[in-house]
Amino acid sequence: MTGSNAEQRRRDAALAGYRGDVDTAEAAQIDPDPKVRIAALRSLARIGDTTKEQISQELVAKALNDAEPAVRIAAIEIAAKHPQPMLEHLLDDEDPMVVETAAWALGERETASETIIDRLSQVARNHRDPLARESAVAALGAIGDDRGLPAILDASRDKAAVRRRAIISLAAFEGAEVSAAYQRARQDRDRQVRDAVEELLGPDAEG
């Protein structure tokens, strides 16, 4: 495969997943072109799904630390379906899209340690990128642990898209603070935020 151009190598790596060709897919994991490495990683995951054998955690972990953000994102998407490898270190990634995807994946796993909830809460409150904050809020809602509730409540006062996500995430919780956030959202200046709470609770009986 090394003698072909990058596009041909990418096709070969992608086809390996359908052919069950583990050797070709594994060899392509060290290709200099990130698109080839992504195709190889997805092929290995496809082979694992087909054979009912879990893709090697070592290969995924290596891809999670790839120099190319797109490769790290592809690895996160695969890892989201499994309890391992660990993903929380990627919440500190320099690329906001990697952080956003890592938060989503941690929410897909649905159960999380106190450390993960704390890290997601930090992202939800402090990350510079609103999409990363929104993804962290969604993950905390998916996990549904009360330890994540304060960060979701704080997010209900963030930018409009984050506020809307916070309202949706509050569906996993109850209590006076949650009810107060809903009532505040009914008066939000953004229509999507108002619509979100109405979809959850129905029209305001006092409106």
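The values are calculated or read from the model by the stated rules, or taken from the named source; none is laboratory data. Being a predicted model, the structure only gives us computed values, none of them experimental. Virtual Cβ from ideal backbone geometry, glycine too; neighbours counted across all protein chains shown. Only protein heavy atoms, including side chains, enter the accessible area calculation; ligands, DNA and RNA are left aside. Shrake-Rupley method; radii C 1.70, N 1.55, O 1.52, S 1.80 Å.
Within segment 87-112, count every residue that is closer than 25 Å to residue 17 by Cβ and touching a residue at least 24 places away in the same chain (Cβ under 8 Å).
The number of residues fulfilling the criteria is 9.
Those residues that are open to solvent by less than 60 Å² (accessible area, probe 1.4 Å), part of a helix (DSSP H, G or I) and either closer than 20 Å to residue 68 by Cβ or at pLDDT below 95 (or both), I need them from segment 104-118; list them, please.
Correct list: 105, 109.
Suppose we filter 164, 128 for residues that are open to solvent by 50 Å² or more (accessible area, probe 1.4 Å), at pLDDT 95 or above, under 20 Å from residue 90 (Cβ atoms) and under 18 Å from the mean Cα position of the chain (by Cα); which single one remains?
Matching residue, one of 164, 128: 128.
Please go through segment 33-49 and give me each residue that is open to solvent by 40 Å² or more (accessible area, probe 1.4 Å), modelled with pLDDT under 95 and over 12 Å from residue 16 (Cβ atoms), ordered by number.
49
Please state which one of 156, 169, 121 is polar (S, T, N, Q), in contact with a Pro (Cβ under 9 Å, 6 or more places away or on another chain), open to solvent by less than 60 Å² (accessible area, probe 1.4 Å) and on the phi < 0 side of the Ramachandran plot.
Sole residue among the options that is polar (S, T, N, Q), in contact with a Pro (Cβ under 9 Å, 6 or more places away or on another chain), open to solvent by less than 60 Å² (accessible area, probe 1.4 Å) and on the phi < 0 side of the Ramachandran plot: 121.
Looking at 57, 84, 29, can you tell me which residue is under 20 Å from the mean Cα position of the chain (by Cα), of a type in the set (S, T, N, Q) and more than 22 Å from residue 136 (Cα to Cα)? Reasoning before the result, please.
Working: 84 fails: more than 22 Å from residue 136 (Cα to Cα); 29 fails: under 20 Å from the mean Cα position of the chain (by Cα).
After ruling out the rest, the residue left standing is 57.
Within the bounds of segment 82-103, is there any residue that is open to solvent by 40 Å² or more (accessible area, probe 1.4 Å), hydrophobic (A, V, I, L, M, F, W, C) and out of contact with any Asp or Glu (no Cβ under 6 Å at 6 or more places or on another chain)?
Scanning segment 82-103 turns up at least one residue that is open to solvent by 40 Å² or more (accessible area, probe 1.4 Å), hydrophobic (A, V, I, L, M, F, W, C) and out of contact with any Asp or Glu (no Cβ under 6 Å at 6 or more places or on another chain).
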